Amino acid sequence: MTDTVLYLAHTEADGSLSRASLEALTVAQTTAAGLHVSLVVGLFGGDVCDAAASVGGCGASRFFAVAGADFASPRYASDAAAAEAIARATDATIVVAAHTSRLARVLAGVAFRLNGCIDTHVSAVDSSDGSIAVARWFYRQRIEGMARRTQRPWFLVIDPGVATAYVGPSVDIEPETITVLVPSTRTQTVGLREASAAEQTIRPDAALLFVAGAGWTRKQKDGQTHTEEAEQLILGFLGATGASLGSTKSLTDIAGEGLAVLHCLSHMNQVGQTGSTPRHPKGLSACCHGEEPHVVGWRFIRERRAVNLDANCGWARGKADVLYVADAFEVMRQLNGLLRARETSSRGDRQPIYSNAS
Ligand SMILES: Cc1cc2nc3c(=O)[nH]c(=O)nc-3n(C[C@H](O)[C@H](O)[C@H](O)COP(=O)(O)OP(=O)(O)OC[C@H]3O[C@@H](n4cnc5c(N)ncnc54)[C@H](O)[C@@H]3O)c2cc1C
């Protein structure tokens, strides 16, 4: 049977496609090219015109759309109905989609409705030999496996950050419209609520991950804790560098134990075995011991540095490229001072973009 590769995506609130979606398009293109089969595009959302134009030059043979107010906001019933209708209309055998929260939630159910199968968290698709194999990580990114399947349709949900985002000229496209009757609209979107952290500190696109460990809230050499200063130092560094903020399990658990907390952190920041596995080119950890259940979350961080008072901490045992055995409060005070000075000199007499205790 000849495969048909469907690229499936939903629009964002502003009608565009997310970066993760454009990365999945690159994967869909190379997959179709490797299999020597046609690529079709299926989009759903409130209004898909801009999104269709943005991918109009991707080389797809046909474009399909499910559009309308019912599909503007995420909702299981409508999103699953739209994805199912597009997959049926295109007779897709391979469906490539980004691992957005919206698609990850519905595609397993859609695959089931179509008697198909699904692989989520796909990190690579290899179709170079004319057949298709997908890679994904197992056991919290410790083992990489390749899978081949004969069952179709096969849904491949691609992790963000594993491919370059599609870039192409805007081409006006009139997609073929598929009418979908939404079976149930009991669920309504009434608004958006931000994550509880006072400031949005999780920045997946940042060049640097800064990880704060529980040491920031521990008693220091004067026998006192300095949690407020710790928070100022961390936020000052984030403000100056645009780094993303990660934390350890110990630090996020501390809030639950009623101890002094860093307000800029929530459990969402936790990196590790029971936390996230972010992808940033560089990582800097401070006041974190570097234990394996935490460092396993650094699987994709290529250049790693750490600051710790303890020369025997986990980072010293092959987990970091550079370990600074030093007091992180002193290091970050000086580092922020240097960043502030650089900021001031590069802006002439303009004020730095942040202020914190020196
Ligand atoms: C099943 C399981 C799953 C787990 N999952 C995760 C996970 O997903 N993520 C995770 O993070 N952990 C996880 N853990 C917990 C993990 O094993 C560690 O307990 C945790 O990472 C330790 O956090 P920490 O390094 O911040 O704190 P600590 O171990 O308390 O280390 C604090 C460090 O701060 C240093 N320090 C203190 N003051 C300073 C200073 N002024 N300057 C420099 N350094 C200083 C100390 O030397 C110390 O090394 C898991 C554990 C288990 C059993």
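Things worth noting here:
- Report note on the peptides 325-332, 95-102: ranked by the mean count of other C-beta atoms within 10 Å, highest first, their order is 95-102, 325-332.
- Largest mean-square fluctuation among N312, N336, N269, in a Gaussian network model of the chain whose springs join Cα atoms under 10 Å apart, belongs to N312.
- Cα gyration tensor shape for the stretch 194-315, rounded if a/c is under 1.5, else prolate or oblate: rounded
- Leading residue at positive end of dipole, the chain (Cβ point charges), from A165, S16, G116: G116
- Shape class of the stretch 255-327 from the alpha-carbon gyration tensor: oblate, with a/c at 1.5 or above and b/c at least as large as a/b.
- The chain: DSSP helices with Cα axial extent of at least 18 Å and average Kyte-Doolittle hydropathy no lower than 0.5: 19-35, 101-113
- Cα gyration tensor category, rounded, prolate or oblate, for the stretch 109-168 with a/c compared to 1.5: rounded
- Directionally averaged projected area (the chain, Cα convex hull): 21.2 nm².
- Local electrostatic count, P204, Cβ distance below 13 Å [Lys/Arg +1, Asp/Glu -1]: 0
- Over the chain: helical MRE at 222 nm, DSSP H runs n ≥ 4 each giving -39500 (n - 2.57), nearest 500: -8500 deg cm²/dmol
- Taking all Cα pairs closer than 8 Å and separated by 6 or more residues, the relative contact order of the chain comes to 14 percent.
Here, each number is a calculation from the coordinates, and none is a lab measurement. Source: prediction; values computed, not measured. Cβ sites come from the backbone with ideal geometry, for glycine too, and all protein chains shown count toward neighbours.
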